[in-house]
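Contents: one structure, followed by commentary.
The values are calculated or read from the model by the stated rules, or taken from the named source; none is laboratory data. This is a predicted model, so every value here is computed, not measured. Neighbour counts are summed over all protein chains in view; Cβ atoms, including those assigned to glycine, are modelled from backbone coordinates with ideal geometry.
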Amino acid sequence: MRLTIKYFGLLAEVTQCSEEQFEFSGMLISELLETIYLKHPKLKEKDFQVAQNQIIVTNETEISGRDIALLPPFSGG
Amino acid sequence: MNNKKPKNVFKDGAISSEFIANSIAKHQSKTSIGAHNIFLGQVRADIIDDKTVLDIEYTAYEDMANAKFHDIREAAFSKFDLTCMHIYHSLGKVNTGEICMFVFVSSPRRKEVFKAIEFIVEEIKANVPVFGKEIFEDKTHQWKVNT
């Protein structure tokens with residue numbers, strides 16, 4: 001399946017884009033991250049959470065295929 | 001809980017004192033209110049490695065952030081006896097000394113608003129995907145992390 005990944009803040013600086021598409025055939029968030037790391041190895045060193053459909057998920061969460069975002073530490077307020 | 005669509009909490013740039021004053025004035029017609037409490041987040045001129053922060057540029061995952069603000073709002077209304085609640089957060093550039101967040105709660109009684117404001121502000125800091133880029137005088141930057 002073709003997934004769109006969004007990047008925010010520091011992570012968008014590392015990837016030099018705010019979103020991009022990946023062709024992906026795995027099941028889990030952890031597998032998707034490995035695919036993303038192949039293109040952006042520097043992301044491995046960064047602290048971030050993953051949101052799917054606007055909800056924070058873990059590496060073991062299954063991909064449902066919509067709205068995946070990599071979020072660096074929050075600094076609102 | 002209801003199914004109201006999340007409001008847009010974000011405002012472009014700093015939140016002015018006129019805007020805050022007007023918000024207070026608008027509540028004079030709501031005479032069941034006996035206590036207001038306000039939290040204002042102000043951009044601090046931190047000094048990091050001898051460089052001073054000039055301003056912060058805020059970005060956000062806006063859809064998720066507005067949904068989170070909505071959840072926090074609903075949770076606060078169910079936990080505390082509040083008459084009304086308003087939350088505003090800046091996007092884009094906010095200079096040091098300017099206001100980047102405005103949380104305003106009102107209740108018949110004071111004890112509720114003291115508890116509510118702390119709950120709401122801490123929830124926002126921990127759970128809302130907003131990102132602050134601290135710009136220094138020499139135009140270098142670093143990404144802020146809430147502590």
### Query
Are there any pairs with C-beta distances below 8 angstrom linking a residue in region B:47-64 that is within 14 Å of chain A (Cβ to nearest Cβ) to a residue that is buried (at least 17 other Cβ atoms within 10 Å of the Cβ) and at pLDDT below 95, with the two at least 6 apart or on different chains, and if so which?
B:56/B:144; B:58/A:76; B:60/A:76
### Query
Does any residue in region B:13-35 that is farther than 16 Å from residue B:94 by Cα and in contact (Cβ under 8 Å) with a residue 40 or more places away in the chain come within less than 9 Å, Cβ to Cβ, of a residue that is of a type in the set (Asp, Glu) and assigned to a helix (DSSP H, G or I) six or more places away or on a different chain, and which pairs are these?
B:35/B:112
#### Entry: Test for residue A:59: is it of a type outside the set (D, E, K, R), surrounded by 11 or more Cβ atoms within 10 Å (Cβ to Cβ) and away from every other protein chain (no Cβ under 12 Å)
yes
### Query
Is it the case that some residue within region A:12-21 is away from chain B (no Cβ under 14 Å) and farther than 24 Å from residue B:132 by Cα?
yes
### residue B:9 vs. criteria surrounded by 13 or more Cβ atoms within 10 Å (Cβ to Cβ) and closer than 22 Å to residue A:55 by Cα
yes
### Message
Please pick out the residue among B:82, B:91 that is part of a strand (DSSP E or B) and crowded, with 17+ Cβ neighbours inside 10 Å.
### Response
B:91
### Summary
Scanning region B:100-134 residue by residue, those surrounded by 19 or more Cβ atoms within 10 Å (Cβ to Cβ), more than 7 Å from chain A (Cβ to nearest Cβ) and within 18 Å of residue B:41 (Cβ to Cβ) turn out to be B:100, B:102, B:103, B:104, B:105, B:113, B:116, B:117, B:120, B:134
